[in-house]
Each structure stands twice: as structure tokens, then as C-alpha cells.
1. For segment 315-382, give me every one of the strands (runs of 3 or more DSSP E) that falls completely inside it and has 3 or more residues that are assigned by TED's automatic domain parsing to the domain that holds N212, more than 29 Å from H74 (Cα to Cα) and not polar (S, T, N, Q).
2. For D281, state whether it is in a loop (DSSP other than H, G, I, E, B) and over 30 Å from G403 (Cβ atoms).
3. Give the number of residues within segment 150-174 that are in contact with a Pro (Cβ under 7 Å, 6 or more places away or on another chain) and within 11 Å of the ligand (Cβ to nearest atom).
4. How many of the residues making up segment 39-92 are assigned to a helix (DSSP H, G or I) and more than 14 Å from the ligand (Cβ to nearest atom)?
5. When you check K347 against the structure, is it among the basic types (K, R) and over 30 Å from G147 (Cα atoms), yes or no?
6. Could you please let me know if H234 is in a loop (DSSP other than H, G, I, E, B) and in contact with a helix residue (DSSP H, G or I) (Cβ under 9 Å, 6 or more places away or on another chain)?
7. Test V195 against the criterion of being assigned to a strand (DSSP E or B), in contact with a Lys or Arg (Cβ under 9 Å, 6 or more places away or on another chain) and surrounded by 15 or more Cβ atoms within 10 Å (Cβ to Cβ), and give yes or no.
8. Take the residues in segment 383-411 that are over 19 Å from F84 (Cβ atoms) and buried (at least 24 other Cβ atoms within 10 Å of the Cβ); name whichever of them is nearest to the ligand (Cβ to nearest atom).
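The values are calculated or read from the model by the stated rules, or taken from the named source; none is laboratory data. Keep in mind that what you see is a predicted model, and the values were worked out from it rather than measured. As a convention, Cβ positions derive from the backbone with ideal geometry for all residues, glycine included, and neighbour counts pool all protein chains shown.
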Amino acid sequence: MSTEPWDVVTIGGGAAGTFASIIAGEARPGLRVTILEATGQPLTKVRISGGGRCNVTHREFDPAVLVQAYPRGHRELRGPFSRFQPSDMIEWLKQHRVYTHTEDDGRVFPVGDESMTIVNCFRDTLSKLQIRTNIRTGISRIEPSGGIWLVHDNNGQILQARRIILATGGSPQGHKLAAGAGHSIISPVPSLFTVNIKDPLLEGLAGLSFPNIRLSWKGPESSYSQTGPALITHWGLSGPAMLKLSAWAARDLANSSYQGTLNLAFVPDLQKEEILHTLGDIIRSATTRKIPNADVPWVPKRLWERLCTIKGCADLRCCDLNKGQIQSLAEALFATELPFDGKSNNKEEFVTAGGVPLREVNMKTMESRIAPGLHFAGEVLDIDGITGGYNFQNAWTTGYLAGTAIADSAT
Ligand SMILES: Cc1cc2nc3c(=O)[nH]c(=O)nc-3n(C[C@H](O)[C@H](O)[C@H](O)COP(=O)(O)OP(=O)(O)OC[C@H]3O[C@@H](n4cnc5c(N)ncnc54)[C@H](O)[C@@H]3O)c2cc1C
């Protein structure tokens, strides 16, 4: 056991732990910081994030609006975002020669669309600050002892630390460490996933996308509704509307064993009567064309053909359709029910909801209210965002607050 305690031992060399350590080192040069990482490769998720492009944050600079992207943490993040928010991260990256660009939907990526740009920036900055990431160093236990912390790793080594930053992401091992220090843990459940649907409506239509659709689900606790783009996959439904729904309903869906019925509104902006009226006009003006060939603007042609087949009118000419058949098609566009059973991982991004309850943490310093000297950053906390760069922003903001508070308190 080394006799000189580290000023900071960061457990977890992911996004939050690395950034928190850098911020502490930059704010207080000479601070003795070390990072302990269980796997053989730090920053793995940054590397693979956003399909290898790293959606590093989201261009939303109003903290009051930004917090609305966090199903868990929206109330508590209001203060932290007023201290370090996406514009601050973009500026921090710029100061470290990483330039970013913003896509139309607000997602921010490094110029060049290479996640390695971010990884290399962090790696170089750590090296300048002489902060080492020790790989294959999984931590099994932490314990306070005479004003410092003892950090036990899986190799039998013990480190002494004045302060700990626990940044272990959604890993159960990290939750165990927090629980060992006296914290309660909100049971983790996955967020940002797609649901599995086997239904004749979607069969063979993988790849079809909708620019704007409303998905609703009535869970045992609450009802959920999200509007946005969606995509038919080989397994069911994906895309931003689905992922947002899975985030807001994460716990209710877990409690329902990922079984239920989704309601799809293909024309979210119109009432049923308006759809019926417009569809009637379209069908009347198409006269002798077969109904699948009518110019229905709201859904991809192949889905419209499928709806006509399911409604048993695919072989009819528009002029032969009766009032009831037109009504039935309008109703399907207004609201179609699809049963789902099970979930699949979204390859682009997934996160864990649950973790250390925020009421047990000082959200100005990210220090534990239960175990002084223990700080938290990132996904280990009961915070998660919808897809679009919000989850990394949580890592940067909570990492910044933890790193700054530790630097401020160091003598
Ligand atoms: C495939 C994928 C793509 C994603 N893409 C995006 C994206 O584009 N934009 C976005 O905003 N979010 C994205 N996310 C989410 C984002 O990656 C996470 O929210 C973020 O990485 C959380 O940071 P973290 O540091 O808290 O946790 P992590 O990045 O998970 O880091 C935790 C680290 O702690 C280590 N660790 C765990 N237990 C121990 C222990 N006992 N001892 C030592 N080390 C330990 C782990 O090995 C890991 O390296 C993506 C997630 C996935 C899975």
C-alpha cells in the first residue's frame, strides 16, 4: 500500500470519469489524480458511440428546455446545466482543438465525424496533465478510514485516496460500490431500446421510414406518447419516436415485461374527421385508379398498399369504394394498434435508467450526502436522457461539477 494518498482516485475510465479527472487536473495543476478502469480499454463507449461518429452533445443552450430531454433527472439537472451545459462543452472542445458541427436535428458531432477525435483529445489532455489510466483494474470495495478512502482492486492492491469519483456507468459493480458506501440504489432498467412487433402490417416492410408519426402506449402506471420519425426494422419499430417512448416509459415497460399494445397515429397533426374528409377527396379524384395507387400523402406507398390489403380493398377501384371502406381506411391512418412482445437493443445508443438516487447527492458538487469525499459522475447516477447527445452531456456536466468541486476543495 502506497503511503502517500492520491488526491483523487477516479473509478471508471469512461466518459464521465475521464472528463471529471481532466477538469480536476486542469483546475488545480499538480493535483495527484489517477483513473482505475476495469477493462483493457478506456473510453470504449465514446469510441463506439453514435455509430463511431460520437454524438457528443445536443445544440440546446437553454437549461430549462434542455432538462426536458431527461426522463430521470430533469428536475435536478436544472442547476447543474446552468453551470456547465452544451455550449460550455462545445467551447471546451474548441479550446482543445476539437471543432464540432451540428446536424439539422440538433445533434452535435466532431468535425470529420470520427469518435476517435474525442478519444484522442481526452488521451492527449490526460497525458499533458500526467494523469494515468490504469487498465484492468476493477475495483471491488471502497471504505472510509481515518479521513481518507481505501480503494481495493481485484488484484489485491489497496490505494489511498482523499477523494473518490465514482464513474462506473450503469455497471452493477459500481452500484455495489455505492451501496457499500451507504447509498440506496434505484434498480437499474434499460432505456433507449426498440420493441419487437410481429404483425402482418409491418411484415416485409423493413427499411420503410416515417418522417413524423405518433406512438402511444398505456402502461400500468401512466400513459406515454411521443411524436417524431420512426423506422420499420426486421424486428419491429425503431427510430427517434420509438426510442423516446422507450426512455420515458422505461420502468413501466420493464414492469410489463415488454409486452403490450402500441398505438400508431400515422397522421399525428390531423383529427379523424379531417383525415376522413381529405382521404374522401383524394379517393374521389382518383376515380378509376385502384385504391393502392391513390396519392395518399401521409404514409409511404408500400405501407398504404399494405393497409388496403389488410382492409380487403386492394383490388377495388377508387370509385367502387363504399363509405364504410373509406371510413375504415381513415381510421387505420388515425390509429392502428400493434401488439409488441419483447425488446431489442438500439445499436446506436442505449443507457441504464436507475442507479444512485439524486436526493442522496449534492447536485452542486456531486458529492455524496451520505459518505463525504465520495463524488459521482455520469450514468452511475439515476439520470438518463433521450437519444441525441444528451447522455454524454450528463457525463460532461456531472463530471465537470465533480472535478471542479474537488479542485476547489484541495489545499
Ligand atoms: C453503443 C452505444 C452508443 C452510444 N452513443 C451515444 C451517443 O452518440 N451520444 C450520447 O450522448 N450517448 C451515447 N451513448 C450513451 C453514453 O455512451 C453513456 O451515457 C456514457 O458513456 C456514460 O458515461 P459514464 O462514464 O457514466 O459510463 P461509461 O462510459 O459506461 O464508463 C464507465 C466505465 O467504468 C468502468 N467500470 C465499471 N465498473 C468498474 C469497476 N468496478 N472498477 C473500475 N472500472 C469500472 C467501465 O468499464 C467503463 O469503462 C451510447 C451508449 C452505447 C452503449
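1. Values: elements: 336-341, 343-345, 351-355, 374-376.
Of the strands (runs of 3 or more DSSP E) lying wholly inside segment 315-382, those with at least 3 residues that are assigned by TED's automatic domain parsing to the domain that holds N212, more than 29 Å from H74 (Cα to Cα) and not polar (S, T, N, Q) span 336-341.
2. Values: in a loop (DSSP other than H, G, I, E, B): no; over 30 Å from G403 (Cβ atoms): yes.
So D281 does not fit the description; no.
3. As a first pass, look at segment 150-174 and keep what is in contact with a Pro (Cβ under 7 Å, 6 or more places away or on another chain): 160-162, 170.
When the remaining residues are screened for being within 11 Å of the ligand (Cβ to nearest atom), the result is 170.
Number satisfying all stated conditions: 1.
4. Initially, segment 39-92 is screened for residues assigned to a helix (DSSP H, G or I), giving 44-52, 63-69, 78-83, 86-92.
If we keep only those that are more than 14 Å from the ligand (Cβ to nearest atom) too, we end up with 63-65, 67-68, 78-83, 87-88, 91-92.
Qualifying residue count for the region: 15.
5. On the way: among the basic types (K, R): yes; over 30 Å from G147 (Cα atoms): yes.
It is true that K347 is among the basic types (K, R) and over 30 Å from G147 (Cα atoms).
6. Values: in a loop (DSSP other than H, G, I, E, B): yes; in contact with a helix residue (DSSP H, G or I) (Cβ under 9 Å, 6 or more places away or on another chain): no.
No.
7. Values: assigned to a strand (DSSP E or B): yes; in contact with a Lys or Arg (Cβ under 9 Å, 6 or more places away or on another chain): yes; surrounded by 15 or more Cβ atoms within 10 Å (Cβ to Cβ): yes.
In short, yes.
8. T387
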